[in-house]
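Structure first, commentary second.
The values are calculated or read from the model by the stated rules, or taken from the named source; none is laboratory data. Source: prediction; values computed, not measured. Every residue, glycine among them, receives a Cβ derived from its backbone with ideal geometry; neighbour counts consider all protein chains shown. These accessible areas exclude ligands, DNA and RNA; they are computed on the full protein's heavy atoms, side chains included. Shrake-Rupley method; radii C 1.70, N 1.55, O 1.52, S 1.80 Å.
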Amino acid sequence: MSLNKASLWVCILLAMMITGLNACTRIAFQPTPKPTVTPRVTGGLIRFRGNFFSTAGECGYCHTALKSANGTVYSIQDDWRSTLMANAGRDPYYLAHVADEVNQHPQHRAVIEAKCATCHIGMASLTAEFDNQKVTIIGDQGLLNPNNPLHPLALDGVSCSLCHQIQDRNLGTPQSFSGGFNVDSNTPVGERVVYGRFEVNPAMATVMQSASGFVPQTSAHVTRSEFCAVCHNLFTPYVDDNGNLSTELFAEQTPYTEWLHSAYRDSQACQDCHMPTAPEAVPVANTGSPMREPYHQHYFVGGNQWMLNLLKAYPDEFAVSAESAQFDQTIARTLDQLQTKTARIQLTAEPQDQSLNVNVRIDVLTGHKFPTSFPSRRVWIHMIVRDADGKVLFESGAWRPDGSILGNDNDEDETKYEPHYQIITRPDQVQIYEPIIGDPNGQVTTSLLRAQRYLKDNRLLPAGLDRDTLPSEIAVYGEASQDPDFQAGGDIVHYQISLDSPPAYPLSIEASLYYQSIGFRWMHKFALSNLTEAQNFTSLAANVPNPPIPIATARLTLNAPQP
């Protein structure tokens with residue numbers, strides 16, 4: 001196909017696909033400082049072209065309806081639109097945190113909003129930065145205000161033309177973390193490079209340039225974990241008691257560094273789990289692309305099922321681009337990820353005359369800590385023992401309908417926290433794997449800009465780490481650091497249960513591992529706030545239950561000890 005014929009074919013294709021739009025005029029790539037109509041969102045992808053970035057709607061029509069040789073249909077845009085990547089700018093919990101931190105530390109508003117915008121609404125924030133404009137998120141001038149010319153880019157979250165324009169510069173180094181990635185700020189629209197793993201022949205490259213304004217270039221860096229680390233390794237300063245920003249940084253989120261010290265660094269990258277490959281070769285475009293493999297599906301599957309449920313419940317309020325069925329698919333993938341790819345649990349037990357010794361072993365399957373990333377996440381053991389009549393003899397780790405854990409000191413009192421246990425002897429002792437952050441005075445806090453240290457970090461470690469030689473940013477903190485049973489790859493917890501009298505055998509023992517993406521104290525931290533973003537989150541969250549997700553369960557029937 002000649003280049004002229006390729007350009008003509010694109011014009012005809014776009015004219016057929018975009019009703020009422022002169023396709024060849026549309027691809028003239030004139031800068032678009034402000035959309036002439038309100039971007040279409042609910043029920044459809046946003047369509048907007050800027051000087052540096054375009055929304056997913058400008059990419060999606062060539063990367064959907066991708067049919068394999070077996071006739072299976074794949075769609076990059078449909079997989080992506082119901083993920084938290086696509087909805088990073090809509091996330092009400094994120095916005096509530098931004099508003100809360102700005103309210104607490106107004107003197108640092110510019111720093112807070114610039115940092116928080118980079119990875120959640122990067123296309124809009126970088127456009128503003130490249131144009132020498134102030135970067136703000138909330139308020140009348142904020143990028144998420146519908147009247148802002150860059151609002152469509154902000155609403156599109158972590159989108160195609162953001163990730164695929166990240167350059168292979170300094171990846172994996174501290175300079176690249178916390179949103180320190182590099183995107184070309186000089187090349188004009190229509191000539192900008194986007195990176196992918198596959199070679200694209202010149203004719204097809206011309207088709208893509210004509211259709212999207214971007215020139216494809218092959219680079220393997222998009223397949224490496226370092227590529228993800230630019231936003232998923234996050235280090236932040238804290239505000240000291242005098243109101244000043246520290247030069248010291250707090251390791252708020254470090255899944256990349258955790259992975260780097262694990263056994264998985266030589267066998268699996270982030271993309272292998274979170275963008276699983278299709279079981280067959282798939283064309284990456286519907287414009288004549290050859291079959292490609294491995295084809296990484298844009299599932300971006302994580303562990304925050306609750307937020308997906310919230311977005312699905314309020315499609316109009318959040319102006320989501322995904323349909324309910326698409327959210328259902330992403331929610332199902334998230335549940336499968338949590339229940340089949342994170343951890344296993346095993347039980348052994350030994351009866352005594354009036355006591356019971358139970359050992360719970362947890363084996364971790366993840367390539368990073370579990371849970372990892374944002375410090376609101378927690379995992380815990382629910383242990384329950386019943387006699388032959390069904391009477392509960394012992395229970396640790398039960399929860400209330402509001403998502404709080406019975407016996408958890410932090411859920412009862414925000415100034416306290418539950419320690420790590422090697423041995424549990426009482427029902428009010430609960431093994432909770434979690435990070436607890438402390439302020440510069442060593443007090444428990446959920447304020448991200450007061451986070452100076454970890455008071456507790458006993459999150460389960462991936463295989464291959466050496467617990468005692470980890471760098472400080474991913475070290476174990478609290479009692480777990482001295483627990484000989486808490487090692488790379490899992491933990492063993494010993495339950496020594498006293499019984500008032502010889503029980504009615506056989507005993508039924510059940511141990512389950514449960515997970516919450518937003519624990520009770522983090523979920524309710526904005527309950528008394530009068531900030532608009534905080535009130536919005538709280539009012540919507542009140543209607544979406546936050547029960548823990550069962551990760552794994554082990555059961556054991558125990559007969560009476562032999563005399």
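Scanning region 184-196 for residues that are assigned to a loop (DSSP other than H, G, I, E, B) and either among the basic types (Lys, Arg) or touching a helix residue (DSSP H, G or I) at 6+ places or on another chain (Cβ under 6 Å) (or both) turns up just one, 185. Once region 382-427 is narrowed to residues that are part of a loop (DSSP other than H, G, I, E, B) and of a type in the set (Asp, Glu), the residue that is farthest from the chain's Cα centre (by Cα) is 389.
Number of residues in region 428-464 that are hydrophobic (A, V, I, L, M, F, W, C) and either assigned to a loop (DSSP other than H, G, I, E, B) or farther than 30 Å from residue 102 by Cβ (or both): the value is 6. Residues in region 523-535 that are more than 20 Å from residue 414 (Cα to Cα), in a helix (DSSP H, G or I) and touching a helix residue (DSSP H, G or I) at 6+ places or on another chain (Cβ under 6 Å): 1 in all. For region 362-372, the condition holds for at least one residue, the condition being that it is closer than 13 Å to residue 304 by Cα, within 20 Å of the chain's Cα centre (by Cα), open to solvent by 10 Å² or more (accessible area, probe 1.4 Å) and of a type in the set (Ser, Thr, Tyr). In region 113-130, what residues are open to solvent by less than 10 Å² (accessible area, probe 1.4 Å) and either more than 28 Å from residue 544 (Cα to Cα) or charged (D, E, K, R) (or both)? Across region 113-130, the qualifying residues are 113, 122, 123, 124, 125, 127, 128.
Annotation note: of 504, 527, 480, 534, the sole residue that is open to solvent by 30 Å² or more (accessible area, probe 1.4 Å) and farther than 21 Å from residue 349 by Cβ is 527.
Give me a count of the residues in region 149-174 that are assigned to a loop (DSSP other than H, G, I, E, B) and on the phi < 0 side of the Ramachandran plot. The qualifying residues number 13. Under the condition of being open to solvent by less than 10 Å² (accessible area, probe 1.4 Å) and either of a type in the set (D, E, K, R) or under 30 Å from residue 447 (Cβ atoms) (or both), the residues counted in region 46-87 number 4.
Look through region 326-353, keep the residues that are touching a strand residue (DSSP E or B) at 6+ places or on another chain (Cβ under 8 Å) and open to solvent by 50 Å² or more (accessible area, probe 1.4 Å), and return whichever of them is nearest to residue 312 (Cα to Cα). Once the filter is applied, the top-ranked residue is 335.
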